Structure formats: C-alpha cells, structure tokens
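Okay, structure first, notes after.
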Amino acid sequence: MSDTSLIRRIINLRESNNWTQVELGRKLNLDKSAMNKIENGTRKVSTNELEKIADVFTVSTDYLLGRENKEYDLPESK
C-alpha cells in the first residue's frame, strides 16, 4: 500500500463531497489537527479509522488502499 495513494483518495473523496477537514473529522470523531496530519502524511490511519472512512464514503477499504480502482462494486446479477 502506498500512503500517498490512501491520502490522495481520502482528499479526493472529501473534496468531491465538498467537505472541509473539520466536517470529515466530525464524521470520524477526529479533530481538524488529526485530519490535517492524515492528509499531509504525518499521521498514519489506524485500521479502525480506515474502516470508518470507507463507511463514511461508502467505498471499500481496498479502494482506499489503492488495491482496486472502482469506488464500489455492484453485486453481480444472477
């Protein structure tokens, strides 16, 4: 996993929702300072935080980690 990939995806998702760092931080129970450090790459994201971020944006953790390029997978039709 590339930390820059994770950071880029968090920023892109936050900005595409027109949220500030404060707004996203509130949804994740993090203060602005923590969000700023995450987005600047000076603070790691915990596994629990990664799951919360995925839930907030309705994406997979694999997407956030750069393991897949689609934000979400639609269930296959039978």
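The values are calculated or read from the model by the stated rules, or taken from the named source; none is laboratory data. Here the structure is a predicted model, which is why all the values come from computation and not from measurement. Cβ placement follows ideal geometry from the backbone for every residue including glycine, while neighbour counts extend to all protein chains displayed. All accessible areas refer to the heavy atoms of the entire protein, side chains included, with ligands and DNA or RNA removed. Shrake-Rupley method; radii C 1.70, N 1.55, O 1.52, S 1.80 Å.
What is the residue count in the stretch 61-71 for residues that are open to solvent by 40 Å² or more (accessible area, probe 1.4 Å) and closer than 12 Å to Ile10 by Cα?
To start, the set of residues in the stretch 61-71 that are open to solvent by 40 Å² or more (accessible area, probe 1.4 Å) comprises 61-62, 67-71.
Retained after the next criterion (residues that are closer than 12 Å to Ile10 by Cα): 61, 71.
Total meeting the criteria: 2.
Restricting attention to the stretch 4-19, which residues are open to solvent by 60 Å² or more (accessible area, probe 1.4 Å) and touching a residue at least 12 places away in the same chain (Cβ under 8 Å)? Explain how you work it out, then say what you get.
The initial filter retains those residues of the stretch 4-19 that are open to solvent by 60 Å² or more (accessible area, probe 1.4 Å), namely 4, 8, 12, 15-18.
Within the stretch 4-19, Thr4, Asn17 meet the criteria.
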Any pair with Cβ under 7 angstrom, 6 or more apart, that starts in the stretch 41-55 at a residue that is over 14 Å from Arg9 (Cα atoms) and ends at one that is modelled with pLDDT of 95 or more and open to solvent by 70 Å² or more (accessible area, probe 1.4 Å): Arg43/Lys37
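Of the residues in the stretch 34-45, how many are open to solvent by less than 50 Å² (accessible area, probe 1.4 Å) and either touching a Gly at 6+ places or on another chain (Cβ under 7 Å) or over 12 Å from Asp3 (Cα atoms) (or both)? Let's see the steps before the verdict.
The initial filter retains those residues of the stretch 34-45 that are open to solvent by less than 50 Å² (accessible area, probe 1.4 Å), namely 34-35, 38-39, 41, 45.
From what's left, either touching a Gly at 6+ places or on another chain (Cβ under 7 Å) or over 12 Å from Asp3 (Cα atoms) (or both): 34-35.
Count: 2.
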